[in-house]
Each structure stands twice: as C-alpha cells, then as structure tokens.
C-alpha cells in the first residue's frame, strides 16, 4: 500500500501531469467542441499525485504554512476540474424590447454536471450605445437591460464587455455582435396580425449587406433589404446607438418590390406586411461557473499559507569575509 502511494506521489508523475495539462489546454483553447477529458483527466491525475505527496512526505504536514499552501493547491485543482464539469458557455441575440428566452440561446459548451437554470433567467433588452474611435476601433459598450424586481417593478442595469449581468449564476457579457432589427407585422388574409423583429447582419461589420429573408406561414419566401443613414464613418469617431436618420425597408416578393418607410404597409398575395419601426439587437456571451468565487478564496488562502511559511522560515544567507593574517606584509615590486 505504501509503495503504491509513493508511486502515485512521484515527482515524475507530477511533471507528466503538468505536461498533459498544458497539452490539453493547447488542444482545447478556443475550441468549444474539444473533448472535456482533455483537461479533466490531467487535473484528476494531478489531484491524486498531490494527495499522495501529502501522505508520504511528512515535511508537508509538519509545517502549518506549507500544509495550508498544498491543501489550497489541491483545492484549486479540484475546483478547476469541477468547474469544467459544471460549466456552460453559450450565446444569444436579443432584440430591443424583447425578453430573454432560454429557447433562443445556443449552447457552445455544457458540462455533464451543469444544473440547467437558464429558463429561470428573465430580463428585457433596452437600447444600447457603442463608442467607436477612428479606424472602427470599438470602445465602451453600454447596453441597457431591465430585470423584474420582487415588487413587480423593473430594475434598470447597464452592462458591457467587462460588466456582466449576473442572474441565477449566469453571466451575460456584451459582444461585438450587434445590429438592427426592423419590427414587422404580418397579417395573413382573413387572419390575425402577428408582430416580430427581423435581425439583420451585424453592424457595422456587414454595413454593406443589411439583407435577410423570411417565409410567412402559408406564403412564399420574402427577401428584405434595410437601408440606413447612421453617421457611420470608418475614418472618424462615432457612436452606434441603434438609430438612423433615414430608414427604409425593401421587400422583394417574386418579381415585386416594395420600398417601405416606418408605418408603411405592403399588400402581398397571401396577406399584408407592415414595417412598424426600426429597432436594434445585441449579441451576448453567456458564461456559468459557480466555482469562480471559491477559487478566489482558496487561492488567497494558499498565498497566505505560503507567506506564513516564508515568514517563519526566512532564507538565511551568510557572507563570511576572508580573514587576513596579522603578520602579512605588502610586497612592492
């Protein structure tokens, strides 16, 4: 039993575990489809290796500071592994005036231990503004959202690329993916009207191609082209706020073209379509990892333990000056 534990605590296995972890991080970096075991397996390896070292090395147990540091290191390894198993990475596009819907979120990575609570998240999208510097360098993003309060009142919040909206443990961050969304109302012949937004391609990335398509129930496909005047300029500072001085929406149905301004209606073979107004949409990244605050606490504890160890065991360096015999004489040449 002792020999097995000593084998598991081998420093060579530690180096091998670190190498496998580095390889796993390299292979899974920015790749949501990468297998989860690429990181979980070497983390488990290192956790077993460090546990064995704590059992077989009495020096790690005798000194309180050193013991706290290694226990914190073990805790961090376990928390990182658990975080990968419980993690959720996703993205979603939300139109101005619409509520977040978990059904519209796209999961990029979801661990097998993830306690799915995204359907309990509720907030509405408001307007946003994004500052652009000369050369289309994106600056501060301010996205206004509204969260239902316990008293029935809406709570306003402003979030951005580094200021998330935190609900049910999920963090919502703004991204560079955003654009315009015409609000349209479709009224089928003899039916009831239904309204919705049509998200155009990201702006200003696809400023030259604001086109989309949609097929109404029981009808043929419609093509849309949005024409804007936003003050967009790649060579000067400007602010994207989802507004446009002049807006028109071209609808193409077969060989027929309709140019609509906000409030105009086009009569189509199977019904009518009204261009109500111009709205915007914002793209969010969704992140969930409940181990993050615990990782911070454990890391601080580990640093404190290491500081305690070095405070009690300072490195002593002694410098001895060479003794010069009393009977030495200088010789002049």
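The values are calculated or read from the model by the stated rules, or taken from the named source; none is laboratory data. Remember, it's a predicted structure, so these values are computed and weren't measured experimentally. Note that we place each Cβ from the backbone using ideal geometry, even for glycine, and neighbour counts take in every protein chain shown.
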Quiz item: Can you name the condition, by its number, that residue 208 falls short on among (1) within 30 Å of residue 135 (Cβ to Cβ); (2) surrounded by 13 or more Cβ atoms within 10 Å (Cβ to Cβ)?
Solution: (2)
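State yes or no: is residue 230 buried (at least 19 other Cβ atoms within 10 Å of the Cβ) and either in a helix (DSSP H, G or I) or at pLDDT below 95 (or both)?
yes
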Practice problem: Would you be able to say whether some residue in region 190-198 is surrounded by 12 or more Cβ atoms within 10 Å (Cβ to Cβ), in the same structural domain as residue 93 (by TED's automatic domain parsing), in contact (Cβ under 8 Å) with a residue 40 or more places away in the chain and not in a loop (DSSP other than H, G, I, E, B)? | Solution: yes
Quiz prompt | Flag if residue 213 is part of a strand (DSSP E or B), without any contact (Cβ under 8 Å) to a residue 24 or more places away in the chain, buried (at least 16 other Cβ atoms within 10 Å of the Cβ) and assigned by TED's automatic domain parsing to the domain that holds residue 273 | solution = no
Self-check item: Selection count, region 233-245, where residues are outside any strand (DSSP E or B) and surrounded by 14 or more Cβ atoms within 10 Å (Cβ to Cβ)
Solution: 4
Quiz item: residue 98 passes all but one of (1) outside the structural domain of residue 148 (by TED's automatic domain parsing); (2) within 26 Å of the chain's Cα centre (by Cα); (3) surrounded by fewer than 18 Cβ atoms within 10 Å (Cβ to Cβ); (4) modelled with pLDDT of 90 or more; which number fails?
Solution: (1)
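Condition check ((1) under 16 Å from residue 224 (Cα atoms); (2) assigned by TED's automatic domain parsing to the domain that holds residue 97; (3) at pLDDT below 95) across all residues:
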site	(1), (2), (3)
250	yes, yes, no
255	yes, yes, yes
264	yes, yes, no
269	no, yes, yes
276	yes, yes, no
281	no, yes, no
298	no, no, no
Quiz item: Do we find that residue 72 is modelled with pLDDT of 95 or more, assigned to a strand (DSSP E or B) and either more than 20 Å from the chain's Cα centre (by Cα) or not assigned by TED's automatic domain parsing to the domain that holds residue 196 (or both) in this structure?
Solution: no
Quiz item: When residues of region 101-120 are filtered for being part of a loop (DSSP other than H, G, I, E, B), out of contact with any helix residue (DSSP H, G or I) (no Cβ under 7 Å at 6 or more places or on another chain) and touching a residue at least 40 places away in the same chain (Cβ under 8 Å), how many remain?
Solution: 1
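Does at least one position in region 49-65 carry a residue that is under 30 Å from residue 204 (Cβ atoms) and out of contact with any helix residue (DSSP H, G or I) (no Cβ under 9 Å at 6 or more places or on another chain)?
no
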